[in-house]
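Q: Before anything else, here's the structure in question.
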Amino acid sequence: MLTILQGSDLHFGSAYDPEAGDAFRRTVREVAPDLVVIAGDLTQRAKAREYREARRFLDSLGDAPVVVTPGNHDVPLYRIHERLLVPFANYRRYISQELDTVTRVPGAVVVALSTAAPRRAIVNGRLRLEQMEFAARIFQESQEGEARIVVAHHPLASAPDSVPDETLPGAAVILDAFRDMGAELVMGGHFHRGFVARSSAVCPAHESTDEVVLAYSGTATSTRGRGSETSKNSCHLLVIDETTIRVEHKLLDRSSMTFECLQEITRPRRARARVAGSSSEQGLSS
């Protein structure tokens, strides 16, 4: 059994809520997960001081491996020269030299892909063909029974409400490719409200028990919740066993300052992953 605590959209800077941050840290200690995932937007404006605070936060989460990926807020917005020439300078200095990473824990291999596209998109992101090929190579090397997990900040599915949001361009093509790689779970954030979806919501042909689970967490520690989670904070606790992926959508209870389970969703794990060179390349950035 593998337990993962998933948070996103920390937004260190003017939008960061220290009380929510403390509550998330307590949750990490109480749950003692095998893995922590922070799915992008660590900072509000990609400033050095915000990154220093984010680095201290990550270092305070205990001994479990932490998977981090950049979001659109993790590159400069108004510092145009920096955005064009060295958009990830502070991320590389304080968080990770690598933007696309691999983390292996017993029972799973996790590929984190940066969807931040500082030269092409302000709010939305992009995935490039070479990133998909990188993920395919890593998953091809995974062992029988290992969960194949992707972490990418920008969602591939819409949230189940009426708030307008744009999914990652080429979402259907990307999901087809992930499915061909044998990915079972895609994790992210960005929409500032948590939800769980099936890949068939984007690709109807996936309608089966062999779908990819899409888990998008809300903002764990900022004041920027949206839609049904306006002014709220949330995270996910995932438990993966031999046959199922269970996701607890946890909402911060302001009276107790603890993340409490609001909803629990269980999905079957995929059958033995198919590993193939994906032919679903059309629509991906080169």
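The numbers here are math on the coordinates, done by the rules we state, and not lab data. Just so we're clear, the structure is a prediction, and the values are computed from it rather than from any experiment. Here Cβ is always computed from backbone atoms with ideal geometry, including for glycine, and neighbour counts include all displayed protein chains.
Q: Can you bin region 1-145 into rounded, prolate or oblate? Criterion: square roots of the alpha carbon gyration tensor eigenvalues sorted a ≥ b ≥ c, rounded for a/c under 1.5, prolate for a/b above b/c, oblate for the rest.
A: Values: a/c = 2.35, a/b = 1.12, b/c = 2.09.
It comes out oblate by the Cα gyration axes.
Q: Something else: Only Cα pairs under 8 Å and at least 6 apart count here; give the relative contact order of the chain as a rounded whole percent. If you can, show how the numbers build up before the last one.
A: Working: 697 pairs, mean separation 60.5, N = 286.
The normalised contact order for the chain reaches 21 percent.
Q: Also, quick follow-up: Taking N as the number of residues in the chain, what value does Rg over Cα atoms divided by 2.2 N^0.38 Å take? Intermediate results must be reported in sequence, preceding the final value.
A: Values: Rg = 17.4 Å, N = 286, 2.2 N^0.38 = 18.9 Å.
For the chain, the normalised Cα radius of gyration comes out at 0.92.
Q: Let me ask something additional. Simple spin-label model, 7 Å along Cα-to-Cβ: Arg29 to Thr243 in nm?
A: Going from the Arg29 label point to the Thr243 one covers 3.7 nm.
Q: So which trypsin sites (Lys or Arg not before Pro) in region 9-95 are both in a DSSP loop and have at most 16 other Cβ atoms within 10 Å of their Cβ?
A: Working: sites: Arg25, Arg26, Arg29, Arg45, Lys47, Arg49, Arg52, Arg55, Arg56, Arg79, Arg83, Arg92, Arg93; in loops: Arg45, Lys47, Arg79.
Sparse-neighbourhood loop trypsin sites (Lys or Arg not before Pro): Lys47, Arg79.
Q: With runs of 4+ DSSP H residues as the only contributors, calculate the mean residue ellipticity of the chain at 222 nm using -39,500 (n - 2.57) per run, divided by the residue total and rounded to the nearest 500. Could you put the intermediate results ahead of the total?
A: Numbers: 6 runs with 61 residues, N = 286.
So the helix-based figure for the chain works out to -6500 deg cm²/dmol.
Q: Report for the chain the percent antiparallel among DSSP-assigned beta bridges with both residues inside it, nearest 5. List each step's numbers first, then the result.
A: Working: 32 of 54 bridges.
In the chain, approximately 60 percent of DSSP beta bridges are antiparallel ones.
Q: Rounded, prolate or oblate: which fits region 88-171, taking a ≥ b ≥ c as square roots of the Cα gyration tensor eigenvalues, rounded meaning a/c under 1.5, else prolate when a/b beats b/c? Let's see the in-between values first.
A: Numbers: a/c = 2.00, a/b = 1.31, b/c = 1.53.
Note, shape of region 88-171 comes out oblate.
Q: Once both labels are modelled 7 Å past Cα along the beta-carbon direction, what's the Arg104-Arg55 spacing in nm?
A: The modelled label-to-label distance comes out at 2.8 nm.
Q: Can you list residues from other chains, or at least 5 along the same chain, whose modelled amide H is less than 5 Å from the amide H of Ala147?
A: For Ala147, the qualifying residues are Ala108, Val109.
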